[in-house]
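Data block below; observations after.
Any read-out appearing in this document is the output of simple, stated calculations on the displayed coordinates, not a laboratory observation. Bear in mind the structure is a predicted one, so any value in this text is a computation, not a measurement. All Cβ positions, glycine included, derive from the backbone under ideal geometry; neighbour counts span all protein chains shown.
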Amino acid sequence: MMNELTIPHNPTEPSDLQMLHGFLSYHMDLEARTVTVISGEGWQFQYEGEDPIEMTENLVITIPAMRSHKIIKGTTDLVVTIEI
């Protein structure tokens with residue numbers, strides 16, 4: 001299953017604020033997933049205990065199940081596809 005997701009840079013709705021907070025904090029997903037960056041400026045991805053990497057256009061990140069990770073906020077909205 002593949003979904004496109006937009007993570008707002010400057011959310012105003014409570015549901016968007018809650019979503020952003022969840023991504024900015026270290027968390028683990030129950031299932032492995034592949035994330036492909038469509039667009040966004042200044043965003044970074046970080047596994048816990050490792051250096052962050054820039055989330056540039058067309059970057060593909062494979063996230064194993066139960067591996068702690070987060071994103072670091074950029075300067076524009078972040079658009080990604082997520083494949084589970």
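Taking LEU20, LEU30, LEU59 as the candidate residues, the one with maximal mean-square fluctuation in a Gaussian network model of the chain, Cα springs under 10 Å, is LEU30.
So what is log10(I(q)/I(0)) for the chain at q = 0.20 1/Å, when the Debye sum runs over its Cα atoms only? The Debye formula, applied to the Cα set alone, gives -0.93. Comparing GLY22, GLY49, GLY74 in a Gaussian network model of the chain, where Cα atoms under 10 Å apart are tied by springs, the biggest mean-square fluctuation is seen for GLY49. Compute the label zone of LEU24 within the range 39-61: residues whose backbone N is under 14 Å from the point 7 Å along Cα-to-Cβ. Inside the label zone: 43-44. Residues of the range 54-84 with an amide N closer than 11 Å to a point placed 7 Å from the Cα of MET2 along the Cα-to-Cβ direction: 81-84.
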